[in-house]
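The values are calculated or read from the model by the stated rules, or taken from the named source; none is laboratory data. Please read these numbers as outputs of a predicted model, since none were measured by experiment. We place every Cβ from the backbone using ideal geometry, glycine too, and count neighbours over all the protein chains shown. Quick note on the areas: whole protein, heavy atoms, side chains included, nothing else; ligands and nucleic acids left out. Shrake-Rupley method; radii C 1.70, N 1.55, O 1.52, S 1.80 Å.
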Amino acid sequence: MTAKSAPAQDRLPVLTLNGGSSSIKFALYPRSNPPKRSLQGKIDRIGLSGTSFAFHDPAGNQHETRNIADSDHAAASRFLLDWLERRIGFDALGAIGHRIVNGGARHHEPQPITGALLDELRRISAYAPEHLPAEIAMIDLFRERAPRLPQMACFDTAFHRHMPRVAKILPIPRRYQSAGVERYGFHGLSYTHLMEELARAAGAKAALGKVVLAHLGNGASLAAVRDGKGIDTSMGFTPAAGVPMSTRSGDLDPGLVAYFAQTENMTAQQFHKMVNHESGLLGVSETSSDLRDLQQKEDTDIRAAEAVAMFCYQIRKTIGAFAAALGGLDTLVFTGGIGENSAEIRSRICEGLDFLGIGFDEMRNAASEPVVSADVSRVTVRIIPADEDIVIAKAVFALLDANAILQPILRP
Ligand code: ADP
C-alpha cells in the first residue's frame, strides 16, 4: 500500500484483543458509529491439550476452525500474529486495543501503551500472574512485528476505581496498602458496557439507582453500583476472589494456606494452581467446570448437584450483601454465558429474594427476555448481553479522534 493510496491511519479498523488465562479473543471493528465488528475469533484452551483457533464474520459466511496442537501463550500469540498479518495485514489496521487486566493504582483511563506504561505493567505483573505476563508478551510481540502500529490499553480495574476506601481496604497489615495490595475488582469493561446499555434501555434514572451487576461466565463476579459508580465488587486483589467460578475457588478461609502447607507440604505455587485451576465448579463436582455439563448430571451425581447449589447460593448471598451495601436495590442485571443463557440458574439464584423486592416472571425468564422480572416487581431484573470488546473499540476510536495518533508519544 503506497503512502498516497493509504487511508489515514485513524480511518482504519481497530483490532481488539482480550486475553484470558487460557484464551485470546480478538475482534475487528471498522470505523462506524457505534462500532460494529466485522469479524471475531478466539484461541481457546491455551496451555491445555487441544488448543484450537476459530474465527467467523458476523453472518458466519467466512469462518475457519483449526486445531493448533497444544500451544502455550507464546505459541498461541505467534500463531495469531501470523494469521492476522496474512489475513488482514498490519498496515490495514489503525490501532490495537488491549484489555489489560490490572492497571495498578495509577492507570485507569484508556491510554496509549508507552515504554513507561509497559515498565509499570512489568513491575506489577505479580499482581495478576495468570494474565499480565501473557498480555505484556503479546504487546511486545506486536511492537517487534508491527513497530508502527499504535497499541492502546483499556484496564479491567478502571470501573472500580471510585470504590470507597472501606471497600478497597484488605484487613491485613497496613504496610501492604502502600505496596498496592487492595481490592481492585475486575470485569470492569463488561460492567462499563452493562451500565451504558442499562442507561440506553431503562433511562438515566435507572442507571443512577441502586444496581447490582452479575457477570456469570467461566469467571464470575458481581458489582454494586450507585449513582453510576462502583461501590463494591466481589473480586479482590486478584480475580480468584469472590463467588465460586468454573475453576476458581472464590473467597476461602485464609487458614487453609497454613493447613495445607502443614498437612500436605503444599507450596504457594501449588496453592495458587489449586485455587485458580482445580477448584470452583470443577473442584466440587470432580467432573466438569462447565455449568451445562453439571446441570445435566444433577439428578444422578450428588457432586454435580452440590456444585450447582453452592454456585447459586454464594451468588444469592452476595446479592443480599450488596443490597445491604447499597441500602436497597432497584435493578439486578445478569450477563455472561451463564447469566445470559441459563433461565434455571437465574431463577435459583433469585429464589427467596422476594424480601428484597425481586419478583420473577418465570415465563419471561424462561424466554430469556431483556426484562425477566414481573411488572409489579419493585426490583427490575434484566439480562444484558456482555460485550467487552465494543468498550475497547469505542475507547480506542475516541483516543484516535482525540488526535492522539499525531502525538509522538503514541509511537512505541
Ligand atoms: P468466559 O468467561 O470464558 O467468556 P462465558 O461467558 O462464555 O465464559 O461462560 C461460560 C459458561 O456459560 C459455561 O459454564 C457454560 O456452561 C455456561 N453456559 C453457556 N451457555 C449456557 C446455557 N445455555 N445454559 C447454561 N449455561 C450456559
| task | Count, please, the residues in the stretch 339-351 that happen to be surrounded by 24 or more Cβ atoms within 10 Å (Cβ to Cβ) and more than 14 Å from residue 370 (Cα to Cα). | result | 2
| query | When the stretch 45-75 is examined, which residues are found to be more than 24 Å from residue 391 (Cα to Cα), touching a Gly at 6+ places or on another chain (Cβ under 9 Å) and among the small types (Gly, Ala, Ser)? | reply | 69, 71
| field | Residue list for the stretch 317-362, restricted to those being over 21 Å from the mean Cα position of the chain (by Cα) and among the acidic types (Asp, Glu) | value | 330, 344, 351, 354, 361, 362
| message | If residue 373 satisfies all but one of (1) within 12 Å of the ligand (Cβ to nearest atom); (2) open to solvent by less than 10 Å² (accessible area, probe 1.4 Å), what's the number of the condition it fails? | response | (1)
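Looking at residue 316, is it open to solvent by 10 Å² or more (accessible area, probe 1.4 Å), part of a helix (DSSP H, G or I) and either away from the ligand (no atom under 16 Å from the Cβ) or modelled with pLDDT under 95 (or both)?
yes
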| field | Search result, residues across the stretch 255-294 that are open to solvent by 60 Å² or more (accessible area, probe 1.4 Å), part of a loop (DSSP other than H, G, I, E, B) and free of Cβ contacts under 8 Å to residues at least 12 places away in the same chain | value | 265, 267
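Given the options 364, 303, 346, name the one that is touching a Phe, Trp or Tyr at 6+ places or on another chain (Cβ under 6 Å) and either outside any strand (DSSP E or B) or within 16 Å of the ligand (Cβ to nearest atom) (or both).
Details: 364 fails: touching a Phe, Trp or Tyr at 6+ places or on another chain (Cβ under 6 Å); 303 fails: touching a Phe, Trp or Tyr at 6+ places or on another chain (Cβ under 6 Å).
Just a single option satisfies the conditions, and that option is 346.
Which of the residues belonging to the stretch 179-193 are of a type outside the set (S, T, N, Q) and under 12 Å from the mean Cα position of the chain (by Cα)?
Residues of the stretch 179-193 of a type outside the set (S, T, N, Q): 179-189, 191, 193.
Matches in the stretch 179-193: 185, 186, 187, 188, 189, 191, 193.
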| Residues that are within 16 Å of the ligand (Cβ to nearest atom) and in a strand (DSSP E or B), drawn from the stretch 325-343 | 333, 334, 335
